[in-house]
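Below: one structure, written as structure tokens.
The values are calculated or read from the model by the stated rules, or taken from the named source; none is laboratory data. Keep in mind the model is a prediction, meaning the values are calculated, not measured. So basically every Cβ, Gly included, is an ideal-geometry build from the backbone, and we count neighbours across all protein chains shown. Just the protein is used for accessible areas: all its heavy atoms, side chains included, with ligands, DNA and RNA removed. Shrake-Rupley method; radii C 1.70, N 1.55, O 1.52, S 1.80 Å.
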Amino acid sequence: MAEVKKTAAKAAPKKPAVKKAATKKVAPKTEVLLQYQYQEVTAAEIEKRVLAQYKKDKTGEDAKTVKIYVKPEENTAYYVVNDKFRGSVALYA
């Protein structure tokens, strides 16, 4: 009879494991806007213009580092690519 008790205990239904909902952290969508004298341009647009100008003028070297210096009072963004190529683009077309 001891065997019957063991099998009955094993056959008892187990409670389902409670799964915690996976909480994923969502990074906020960030947009940087530069406003100056009633005009506005995004940082992404400035970067796009800089990379397009560099691609047009480059000497066959891929851009590894890009530094952009924005001077809204001059309507210009100056850039340095790979610490040696320099140029500029207009902020407001």
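(1) more than 22 Å from the chain's Cα centre (by Cα); (2) surrounded by 15 or more Cβ atoms within 10 Å (Cβ to Cβ); (3) at pLDDT 90 or above; (4) not acidic (D, E): which one isn't true of V81, the others all being true?
Only one criterion in (1) more than 22 Å from the chain's Cα centre (by Cα); (2) surrounded by 15 or more Cβ atoms within 10 Å (Cβ to Cβ); (3) at pLDDT 90 or above; (4) not acidic (D, E) is unmet by V81, namely (1).
Within the range 57-75, is even one residue in a helix (DSSP H, G or I), in contact with a strand residue (DSSP E or B) (Cβ under 7 Å, 6 or more places away or on another chain) and either open to solvent by 50 Å² or more (accessible area, probe 1.4 Å) or under 13 Å from Y92 (Cβ atoms) (or both)? Give the derivation first.
Taking the range 57-75 and keeping what is in a helix (DSSP H, G or I), we get 57, 72-74.
Cutting the leftovers down to in contact with a strand residue (DSSP E or B) (Cβ under 7 Å, 6 or more places away or on another chain) gives us 57, 72.
Subsequent filtering for residues that are either open to solvent by 50 Å² or more (accessible area, probe 1.4 Å) or under 13 Å from Y92 (Cβ atoms) (or both) retains 57, 72.
Looking for residues that are in a helix (DSSP H, G or I), in contact with a strand residue (DSSP E or B) (Cβ under 7 Å, 6 or more places away or on another chain) and either open to solvent by 50 Å² or more (accessible area, probe 1.4 Å) or under 13 Å from Y92 (Cβ atoms) (or both), one finds at least one in the range 57-75, hence yes.
Within the range 49-56, does at least one residue satisfy the condition of being β-branched (V, I, T) and either open to solvent by 100 Å² or more (accessible area, probe 1.4 Å) or over 20 Å from the mean Cα position of the chain (by Cα) (or both)?
Within the range 49-56, none of the residues are β-branched (V, I, T) and either open to solvent by 100 Å² or more (accessible area, probe 1.4 Å) or over 20 Å from the mean Cα position of the chain (by Cα) (or both).
Could you pull out the residue among L51, L91 that is touching a Pro at 6+ places or on another chain (Cβ under 7 Å) and not aromatic (F, W, Y)?
Working: L51 fails: touching a Pro at 6+ places or on another chain (Cβ under 7 Å).
Matching residue, one of L51, L91: L91.
Is it the case that E31 is open to solvent by 100 Å² or more (accessible area, probe 1.4 Å), at pLDDT 70 or above and outside any loop (DSSP other than H, G, I, E, B)?
Values: open to solvent by 100 Å² or more (accessible area, probe 1.4 Å): yes; at pLDDT 70 or above: yes; outside any loop (DSSP other than H, G, I, E, B): no.
No.
Pairs please, first residue from the range 38-56 and among the hydroxyl-bearing types (S, T, Y), second anywhere and assigned to a strand (DSSP E or B), Cβ atoms under 6 Å, 6+ apart in sequence or on different chains.
So the pair list comes out as T42/L33; Y54/V81.
Among what's in the range 84-93 and is open to solvent by 50 Å² or more (accessible area, probe 1.4 Å) and part of a loop (DSSP other than H, G, I, E, B), pick the residue that is modelled with the lowest pLDDT.
A93
With the structure loaded, tell me whether Q39 is open to solvent by less than 90 Å² (accessible area, probe 1.4 Å) and at negative phi or whether it fails that test.
In short, yes.
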